[in-house]
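First comes the structure, then the notes that go with it.
Read-outs: derived from the displayed coordinates by stated rules, not from any lab. What you see is a predicted model, and the numbers here were worked out from it, not measured in a lab. Methodologically, a virtual Cβ is constructed for each residue, glycine included, from the backbone with ideal geometry; neighbour enumeration extends over all protein chains shown.
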Amino acid sequence: MLKILLATQNQGKVQELKALLADEGVEILSTQDFATWPEIEENGKNFAENAMLKAREGMRRSGLICLADDSGLEVDALDGAPGILSARFAGEPKDDERNIDKLLEQLDHVSDEQRTARFRCALAVVTPHADDHEYVTEGTLEGKIIRQRRGKEGFGYDPVFLVEDFGRTLAEMTAAQKNRISHRAQALRNAVPLLKEVVKRYQEKGKS
């Protein structure tokens, strides 16, 4: 059976990919399936570069088709910040509450209409054979940054990210609701057609 590595420890992401590729006859692994897995330095200039760095290193270490993602929050009034620094916006060590506090402070004098923002995710796919290509797909979720936290679910900036079509923050949604519309889920769904093509080619090679 063809194995694919999703370079994450998040088993929710693994289960989502398994469901999307359920009919393809593949086994999905995560970094938890390896005895050791070092943290990879994310020194790219954007989400796509960081995702590709992780996917390339994952493929090199495992020898498998590897997927990796990178994501974060872009706020228009802050010229796209915090962007690739989303997780460490308020400095080290990473802390969600301090990140939100800094974000709300910087947006304190910005009108409600100008508080538009989006979550963006880039998903990279790298294969171990030279005759294949590297791929990147993206997903975005548009919203606004509200002035006070709402909701107890999720993580990161979810309590202050309002999805206007739903009238709720991501922290007010269940995990299932969030996963249906999230930037990460969109990037993953966008990757499914090309993944199916890659799997088909590898399976055909295995039969020849």
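Here is the link list: Lys13/Lys152; Lys3/Lys152; Lys54/Lys94; Lys94/Lys144. Which ones come out longer than 28 Å on Cα distance? Show your work: numbers first, answer last.
Details: Lys13/Lys152 21 Å; Lys3/Lys152 36 Å; Lys54/Lys94 20 Å; Lys94/Lys144 23 Å.
Beyond 28 Å between Cα atoms: Lys3/Lys152.
So in region 2-207, what percent of DSSP beta bridges are antiparallel if you round to the nearest 5?
Numbers: 25 of 33 bridges.
Once the DSSP bridges in region 2-207 are tallied, antiparallel ones form about 75 percent.
Rounded to the nearest 0.05, what FRET efficiency do Asp112 and Thr140 give with R0 = 22 Å and r taken as the Cβ-Cβ distance? Could you check?
On the way: r = 21 Å, r/R0 = 0.95.
My answer for the efficiency is 0.60.
Picking from Ile40, Val199, Ala90, whose Cα lies most toward the positive end of the charge dipole for region 2-207 (charges on Cβ: Lys, Arg +1; Asp, Glu -1)?
Value computed over the given set: Val199.
With a point put 7 Å past each Cα toward its Cβ, work out how far Arg150 is from Gln15 in nm, to one decimal.
2.7 nm
Relative to the present Cα-Cα distance, how much length would full extension add between Ala175 and Lys45 at 0.36 nm per residue of separation? All intermediate terms of the calculation are to be shown ahead of the outcome.
Working: separation 130, 0.36 × 130 = 46.80 nm, distance 2.99 nm.
Stretched out fully, the Ala175 to Lys45 stretch lengthens by 43.8 nm.
Let me know the shape class of the chain, please: from the alpha-carbon gyration tensor, a ≥ b ≥ c as square roots of the eigenvalues, rounded when a/c is under 1.5, otherwise prolate if a/b is greater than b/c, or oblate.
Working: a/c = 2.30, a/b = 1.92, b/c = 1.20.
Here the chain falls in the prolate category.
With +1 assigned to the C-beta of every Lys and Arg and -1 to the C-beta of every Asp and Glu, and no other charges, what is the dipole magnitude of the chain about the Cα centre in debye, to the nearest 20? Walk me through the numbers on the way to the answer.
Values: 30 positive and 36 negative charges, 119 e Å.
Using only the charged Cβ atoms, the result is roughly 580 debye.
Any chance you could check the Cα centroid distance between region 1-53 and region 134-163 for me, in angstrom?
Cα centroid of region 1-53 versus Cα centroid of region 134-163: 22 Å apart.
So what is the 222 nm mean residue ellipticity for the chain from helices alone, if each DSSP H run of at least 4 adds -39500 (n - 2.57) and you divide by all residues, rounding to the nearest 500 deg cm²/dmol?
Details: 5 runs with 69 residues, N = 208.
Calculated mean residue ellipticity at 222 nm is -10500 deg cm²/dmol.
Over the chain, what is the mean sequence separation of C-alpha contacts under 8 Å (at least six apart), divided by residue count, expressed as relative contact order in percent? Let's see the in-between values first.
On the way: 384 pairs, mean separation 36.2, N = 208.
Averaging sequence separation for qualifying contacts and normalising by length gives 17 percent for the chain.
Suppose R0 equals 22 Å; then what is the FRET efficiency for Val192 and His129 from their Cβ-Cβ distance, rounded to the nearest 0.05? If you can, show how the numbers build up before the last one.
Values: r = 20 Å, r/R0 = 0.92.
The pair Val192/His129 has a calculated efficiency of 0.60.
Using a basic spin-label model with each label point 7 Å from the Cα along Cα→Cβ, how many nm lie between Glu204 and Phe166?
Roughly 3.9 nm, to one decimal.
In nm, give the distance between the simple-model label positions of Leu104 and Lys3, each being 7 Å from the Cα along the Cα-to-Cβ direction.
Output for this residue pair reads 4.6 nm.
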